[in-house]
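The values are calculated or read from the model by the stated rules, or taken from the named source; none is laboratory data. What you see is a predicted model, and the numbers here were worked out from it, not measured in a lab. When we count neighbours, we look across all protein chains shown, and the Cβ atoms used for this are built from the backbone with ideal geometry, even at glycine.
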Amino acid sequence: MSIRTILSADHAELGLLCTEMIALVDRSAPGDIAAIATLRWRLARRITQHLALEDEYIYRPAADGTLPRLGAAAAVVKDELGELYAAYQAHIVKWPGDRLTADWAAFRAEATALLARLQARIRREDEDLYPLLPE
């Protein structure tokens with residue numbers, strides 16, 4: 001199985017997790033807070049694993065010249081993705097269960113915006129970066 005296939009499958013899984021989270025937060029009032037907490041950590045863990053794969057198979061080979069086609073595109077994606085992941089981690093810290101329940105509307109707005117950014121990032125990688133990977 002090619003790394004492109006593996007990374008694309010990871011993106012599909014991340015997309016499903018985003019969709020699950022959107023369903024949990026797309027409500028006028030908090031629902032199952034434990035389910036939200038569990039899903040946030042599942043998503044964080046999956047993102048961390050995915051970033052490790054991308055580092056090994058995209059960013060390092062692009063930087064060391066092994067995959068020169070990836071060069072500039074990989075550098076831009078790596079910087080943007082690092083910022084997005086830091087924003088996701090900060091979001092988790094900012095919104096513990098009691099706080100997100102107390103200010104559901106603000107949590108919901110921030111979570112929805114962050115998930116939209118993550119979904120856009122996934123689409124951009126699928127369209128702009130992954131086609132540069134060997135089959």
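Structure notes:
- Among the criteria (1) of a type in the set (A, V, I, L, M, F, W, C); (2) closer than 30 Å to Pro134 by Cβ; (3) surrounded by 13 or more Cβ atoms within 10 Å (Cβ to Cβ), the one Val25 does not fulfil is (2).
- Among the residues listed as Glu110, Glu125, the single one being over 20 Å from Ser8 (Cβ atoms) and within 16 Å of the chain's Cα centre (by Cα): Glu110
- Number of positions in the stretch 1-31 that are touching a helix residue (DSSP H, G or I) at 6+ places or on another chain (Cβ under 7 Å) and either touching a residue at least 60 places away in the same chain (Cβ under 8 Å) or within 17 Å of Thr112 (Cα to Cα) (or both): 17
- Qualifying residue in the stretch 2-11 (condition: hydrophobic (A, V, I, L, M, F, W, C) and in contact with a Gly (Cβ under 8 Å, 6 or more places away or on another chain)): no
- Selection status of Pro134, at pLDDT below 90, out of contact with any helix residue (DSSP H, G or I) (no Cβ under 6 Å at 6 or more places or on another chain) and surrounded by 16 or more Cβ atoms within 10 Å (Cβ to Cβ): no
Here is a yes/no grid of residues against (1) out of contact with any Lys or Arg (no Cβ under 6 Å at 6 or more places or on another chain); (2) under 29 Å from Leu133 (Cβ atoms); (3) touching a residue at least 12 places away in the same chain (Cβ under 8 Å):
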site	(1), (2), (3)
Leu67	yes, yes, yes
Ala72	yes, yes, no
Leu81	yes, yes, yes
Pro96	yes, no, no
